[in-house]
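This report refers to the structure that appears directly beneath it.
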Amino acid sequence: MEKTTVLNLLNTNDLNREVVLKGWVKTFRANRFISINDGSIIHNIQCVLDFENTEEAILKKIHTGAAVCIKGLLVESQGKGQKVEIQIKEISILGESNPEEFPIQPKKHSFEFLRENAHLRVRTSTFSAIMRIRSKLSFAVHQYFQDNGFYYVNTPIITGTDAEGAGEMFRVSALDPNNSPKLESGKIDHSQDFFGKETHLTVSGQLEAETYAMALGKVYTFGPTFRAENSNTSRHLAEFWMIEPEVAFNDLHDNMDLSEDFIKYTLGYILKNCKDDLAFLEERLLQEDKSKPAIERADMTLTDKLKFVIDNNFVRLSYTEAFDILRNSKPNKKKKFKYVLDEWGADLQSEHERYLVEKHFKSPVILFDYPAKIKAFYMRLNDDGKTVRAMDVLFPGIGEIVGGSQREERLDVLQEKIKALDIDEKELWWYLDTRKFGTAVHSGFGLGFERLVLFATGMSNIRDVIPFPRTPQNAEF
Ligand code: 4AD
Ligand code: MG
């Protein structure tokens, strides 16, 4: 007898044979029906117990959460709601679960409660669906790039440079915090630290990826990324996964095309390959909507939303055009925005981005040519001298999902930028080398993987789409 999974059993036509299944009890009702799930698929399989002929010692241990091994006959189901079921011949308890203590009961739990039990929440249908979709999505990311001639590069996690120049980094040190060597100035002497210099967790693999694009042509990174910003929003994590393609000879328009094509591919992949999990999450959202007032209800189902993004072109417009729309918008004039827009050059907040996407265009939007002042040093300066070839992809419910740019490939312009921003040129000697030896137009972007998972699953808090979220004041598990 071969070991099998619920996924196999629910999809087979080979019935009336003995099977062995290991999994966890979801429910046990009427002393007869045990629902088993093993994580292979959202659905449970119904197993029918011969109550009279089962030892009492075992019966007492069949509770939600217990791990069991079932041997029995796979047959066509007599009852409604399932095609097949297992008639149990033998059941053994592999691991007990005390019903008084197991937090995941077969009832609705709040997401807050489940976050506090992040080690067990994946045993719920909702979180198992999310995490299976997350897994498939990350496979789709690799599939897309590998099919399109990109090479996967692993950029360092510990870094000596601040790629975004925002200074929101976690320090990495092996010095004794209570007794660290000091310079005469009183500052910590990092020359005595593990790496002989001050180091941090990376905020982006872009600068290193650029050096690889200048040799391998098309590359991408997909790895953990860290930001020490104190943002307690539903879209920020202190540790998240970023995907960063970088392509030699691509200009900003090629870069926009790539981001749009890439996002559409990954969402299309899960529409095709995660049907059951998506259907479950869609139904969850429909139920949740029923308890909301009519105007707050979603106007599209989850699958319709995904299809809409795949089937329609993203609207593209410059920052300046978007700024005019926003400045003249009702919420701006009536001072309904928290940040009222007045002067060209202001950074756009998530409320503005979402207004453009959700109210004005009702479509994903790509904004480009941002004011140089609000963007990072490496973006290519336009001829107007005040905007850079930046692009942000904005999504409904999320705001910014992608940030990218055409890079400044001219050594002199880049050096001037670095100087103006008071960045130490010596720190970036290797980055500047790429502009000295065979420099070329090139572009890339970063996509926050969790923001993509948020959109794909219809969830509303980023903490619910990563197994163990890291946020301010929270590093449990
Ligand atoms: O816009 P960002 O900061 O761009 C960069 O880091 C560039 N170096 C990328 C590049 O051009 N290669 O970040 C890129 C994306 C954002 O659009 C967002 O989706 C995500 O990363 N992101 C976060 N996701 C979750 N939590 C955070 N704290 C995030 N910060 C950025
Ligand atoms: Mg950004």
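The values are calculated or read from the model by the stated rules, or taken from the named source; none is laboratory data. Computed from a predicted structure; not experimentally measured. Heads up, the Cβs are rebuilt from the backbone with ideal geometry, glycines too, and the neighbour counts pull from every protein chain shown. Calculation scope for accessible area: heavy atoms of the full protein, side chains included, ligands and nucleic acids excluded. Shrake-Rupley method; radii C 1.70, N 1.55, O 1.52, S 1.80 Å.
Here are some notes:
- Dipole of the chain computed with +1 at Lys/Arg Cβ and -1 at Asp/Glu Cβ about the Cα centre; of Gly268, Ser77, Thr211, farthest Cα towards the positive end is Ser77.
- Length available on full extension from Phe113 to Ala440: 0.36 nm per residue minus the Cα-Cα distance, which gives 112.6 nm.
- Förster radius 60 Å - calculated FRET efficiency between Ser135 and Glu184 (Cβ-Cβ, nearest 0.05): 0.70
- Förster radius 51 Å - calculated FRET efficiency between Glu55 and Asn232, Cβ distance, rounded to 0.05: 0.45
- Peptides 368-374, 237-243, 329-335, 409-415 ranked from most to least packed, by the mean per-residue count of other Cβ atoms within 10 Å: 237-243, 368-374, 409-415, 329-335.
- Taking trypsin sites (Lys or Arg not before Pro) across segment 120-193, the ones in a DSSP loop with at most 15 further Cβ atoms lying within 10 angstrom of their Cβ are Lys187.
- Shape call, segment 6-102: gyration tensor on alpha carbons, a/c limit 1.5: prolate
- Amide hydrogen neighbours beyond the local backbone of Val388, cut-off 5 Å, H modeled: Tyr370, Ala372, Asn382
- Shape class for segment 116-239, computed from the alpha carbon gyration tensor (a ≥ b ≥ c): oblate, with a/c not under 1.5 and a/b at or below b/c.
- DSSP bridge analysis restricted to the chain gives an antiparallel fraction near 85%, rounded to the nearest 5.
- Straightening the chain between Asp147 and Ala67 buys 24.8 nm, computed as 0.36 nm per residue apart minus the Cα-Cα spacing.
- Label-point separation, Lys292 to Asp276 (7 Å along Cα→Cβ), nm: 2.8
- Sparsely packed trypsin sites (Lys or Arg not before Pro) within segment 1-58, loop by DSSP, other Cβ within 10 Å at most 13: Arg32
- Relative contact order %, the chain, counting alpha carbon pairs below 8 Å whose residues are six or more apart: 13
- Sites Ile157 and Lys80, calculated FRET efficiency, Cβ-Cβ separation with R0 60 Å, nearest 0.05: 0.70
- Nearest-10 value in Å² for the accessible area of Ile158, using the 1.4 Å probe: 70
- Order of exposure, largest accessible area first, which applies to Lys359, Lys80, Lys272 with probe 1.4 Å: Lys80, Lys272, Lys359
- Once both labels are positioned 7 Å from their Cα atoms along Cα-to-Cβ, the gap between Ser92 and Asp383 label points is 7.8 nm.
- Helix-only [θ]222 nm of the chain, DSSP H runs n ≥ 4, -39500 (n - 2.57) each, per residue, nearest 500: -9000 deg cm²/dmol
- Over the chain, the alpha carbon radius of gyration divided by the compact-protein estimate 2.2 N^0.38 Å works out to 1.16.
- Shape category assigned to segment 310-382 from the gyration tensor of Cα positions, a/c cut at 1.5: oblate
- Couplings 3J(HN,Hα) for segment 227-238, derived from phi with the Karplus relation 6.51 cos²θ - 1.76 cosθ + 1.60 (θ = phi - 60°), are 9, 8, 6, 8, 9, 9, 9, 7, 10, 10, 10, 7 Hz, where x marks Gly and Pro.
- Fraction of beta bridges assigned by DSSP in segment 310-401 that are antiparallel (%, nearest 5): 70
- For the pair Lys373 and Gln192 in one chain, pulling the backbone fully straight at 0.36 nm per residue adds 61.5 nm over the alpha carbon distance.
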